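A.B. asks: So that we are looking at the same thing, I have put the structure below in structure tokens.
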Amino acid sequence: MIILGIETSCDETGVCLIEAKNNKLEVLGNQLYSQVAKHQEFGGVMPMLAKREHAKNLVPLLRKCLEEAEHNLTPTLPLTNGRGKKNFLPSLDKEGLREVENILIREPELLTELKKLLETVEKPAIDAIAVTSGPGLEPALWVGITFAQALSTAWDIPLIPTNHMEGHILVASLEKLKNEESPSKAKETPHFLIQKIKYPALALLISGGHTQLVLIKNNLDYKIIGNTCDDALGEAYDKVARLLGLPYPGGKIISELAKKEKLEFPNKKPPYPLPRPMLHSKDLNFSFSGLKTAVLYTLKKISSIDDKVKQEIALEFENSVLDVLTKKTEQAIEEFNPQTLIIGGGVSANPQIRANLEKICQKYQIKFLVPEVSASTDNALMIALAGYVNILAGKKSVIDFRANGNLSL
């Protein structure tokens, strides 16, 4: 089964083609455009700017993705007009063209570029299109959804709306195969084993918009058992980075500063101790707003904030985060007795968080699933995979649906 995945929930524009069968997955084409540089001057993601960038980049990324995958995609319809010149898709008559135009009526530039693509690219043998329907920034989501709806209409391909957070969970099940294990060597494309998740499973989702503990009772059966009461973890990292005068996004930079300080002074008592919010609460919820405020008030007491101070604050902040995540995750494991721990979301790329949670899994002798670092942040591979898993579970094609910025698992 060949699935086209489309991701536009925030500031990453992703298009990915996968071929999946049973428990094997091959990435035929994978394109990702990051808008980070566009949003840096604002210190965060600007929704309407993100929307415009998605609209500008979706067609070029799809074209590159199709070119990358050309060796494995066979057109299902003859597309010449008898004079050797390719036509607009034969399956798309005037009425169909009007439908596509109506779908993209508020995106004239995207419509123009999509028409050019449809006139020059043969219909690929794609079985379904999966697109992020939420959660995320609704203006950004809308661009991806309408683009997917237009493609679905133009190519007469089933459309599967997909939950962004579910994608973060499922992509952790991919285990990259070595080249010699790959079923085909005709072209070096990434091949993965889709590992079977042992249930019940526990997922810790940590990103710029979410901090959640999710109990997965069975395949695609989710129950949120812990949530953030205020800031998401990725948001807290970015806010603390801003307080320290560090560029956006701040998560990786804070982690690098913390690592440097820890290596230089492994047993040093923190000169600027910070709280561990909700560490001893009886529930599984999180709170990071107070931790950010504690950093703010700590910095106000320091007369000169040099690089050394920034390292010390970064290490204590990250240690606070690690203590809270570790305690809450262990609490959930002891309460629900899962057989698998999954972590996902952009912050799951943090090496220290990965290492700490892996130790927890060793302690409780449960399976640990974590995505490759490159697949931790928002991407279309996880959306294509989620589409495939949902199709196997019996989910039907839907063409008329809306963006839902607050969509829950």
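The values are calculated or read from the model by the stated rules, or taken from the named source; none is laboratory data. Worth saying up front: this structure is predicted, and the values here are computed from it rather than measured. Glycine also receives a Cβ, built like all others from the backbone with ideal geometry; neighbour counts cover every protein chain displayed.
A.B. asks: Just the residues that are assigned to a strand (DSSP E or B) and either closer than 30 Å to Gly245 by Cβ or without any contact (Cβ under 8 Å) to a residue 12 or more places away in the chain (or both), please, taken from segment 1-49.
C.D. replies: Matches in segment 1-49: Glu12, Thr13, Leu32, Tyr33, Ser34.
A.B. asks: Going by the conditions given, is Leu28 in contact with a helix residue (DSSP H, G or I) (Cβ under 8 Å, 6 or more places away or on another chain), within 24 Å of Ile391 (Cα to Cα) and either exposed (fewer than 15 other Cβ atoms within 10 Å of the Cβ) or hydrophobic (A, V, I, L, M, F, W, C) (or both)?
C.D. replies: In short, yes.
A.B. asks: Right, Gly144: within 17 Å of Glu7 (Cβ to Cβ) and not in a helix (DSSP H, G or I) or not?
C.D. replies: Against the criterion (within 17 Å of Glu7 (Cβ to Cβ) and not in a helix (DSSP H, G or I)), Gly144 does not qualify.
A.B. asks: Taking the stated definitions as given, is Pro135 surrounded by fewer than 21 Cβ atoms within 10 Å (Cβ to Cβ) and either on the phi < 0 side of the Ramachandran plot or not assigned by TED's automatic domain parsing to the domain that holds Glu67 (or both)?
C.D. replies: no
A.B. asks: List the number of the failed condition for Glu166; all other conditions in (1) buried (at least 21 other Cβ atoms within 10 Å of the Cβ); (2) among the acidic types (Asp, Glu); (3) without any contact (Cβ under 8 Å) to a residue 60 or more places away in the chain hold.
C.D. replies: Every condition holds for Glu166 apart from (3).
A.B. asks: Next question. Among (1) surrounded by 14 or more Cβ atoms within 10 Å (Cβ to Cβ); (2) part of a loop (DSSP other than H, G, I, E, B); (3) not small (Gly, Ala, Ser), which single condition is His280 missing?
C.D. replies: (1)
A.B. asks: Would you be able to tell me the number of residues in segment 334-352 that are under 17 Å from the mean Cα position of the chain (by Cα) and either surrounded by fewer than 17 Cβ atoms within 10 Å (Cβ to Cβ) or of a type outside the set (Val, Ile, Thr) (or both)?
C.D. replies: 6
A.B. asks: While we're here: Within segment 308-326, is there a residue that is at pLDDT 95 or above and small (Gly, Ala, Ser)?
C.D. replies: Yes, that holds for at least one residue.
A.B. asks: With (1) of a type in the set (S, T, N, Q); (2) at pLDDT 95 or above; (3) more than 18 Å from Ala232 (Cβ to Cβ) as the list, and Ser287 as the residue in question, which single condition is left unmet?
C.D. replies: Result: Ser287 passes all but (3).
A.B. asks: Would you please name the residue that is nearest to His210 (Cα to Cα), looking only at residues in segment 283-337 that are among the aromatic types (Phe, Trp, Tyr) and in a helix (DSSP H, G or I)?
C.D. replies: In this case the residue turns out to be Phe317.
A.B. asks: Any chance you could count how many residues in segment 353-371 are in contact with a helix residue (DSSP H, G or I) (Cβ under 9 Å, 6 or more places away or on another chain) and not in a helix (DSSP H, G or I)?
C.D. replies: Going through segment 353-371 one residue at a time, the tally reaches 6.
A.B. asks: Can you tell me which residue is surrounded by the most Cβ atoms within 10 Å (Cβ to Cβ) among those in segment 372-409 that are within 11 Å of the chain's Cα centre (by Cα) and in a loop (DSSP other than H, G, I, E, B)?
C.D. replies: Taking the candidates together, the pick is Asp378.
A.B. asks: Here is a further query. Can you tell me which residues in segment 1-19 are buried (at least 22 other Cβ atoms within 10 Å of the Cβ) and among the aliphatic types (A, V, I, L, M)?
C.D. replies: Once the filter is applied, which keeps residues that are buried (at least 22 other Cβ atoms within 10 Å of the Cβ) and among the aliphatic types (A, V, I, L, M), segment 1-19 yields Ile3, Leu4, Ile6, Val15, Leu17, Ile18.
A.B. asks: Which residues, counting only those in segment 8-32, are among the acidic types (Asp, Glu) and within 12 Å of the chain's Cα centre (by Cα)? Even if it seems obvious, please write down each step before you answer.
C.D. replies: First, the residues of segment 8-32 that are among the acidic types (Asp, Glu): 11-12, 19, 26.
Those that are among the acidic types (Asp, Glu) and within 12 Å of the chain's Cα centre (by Cα): Asp11, Glu12.
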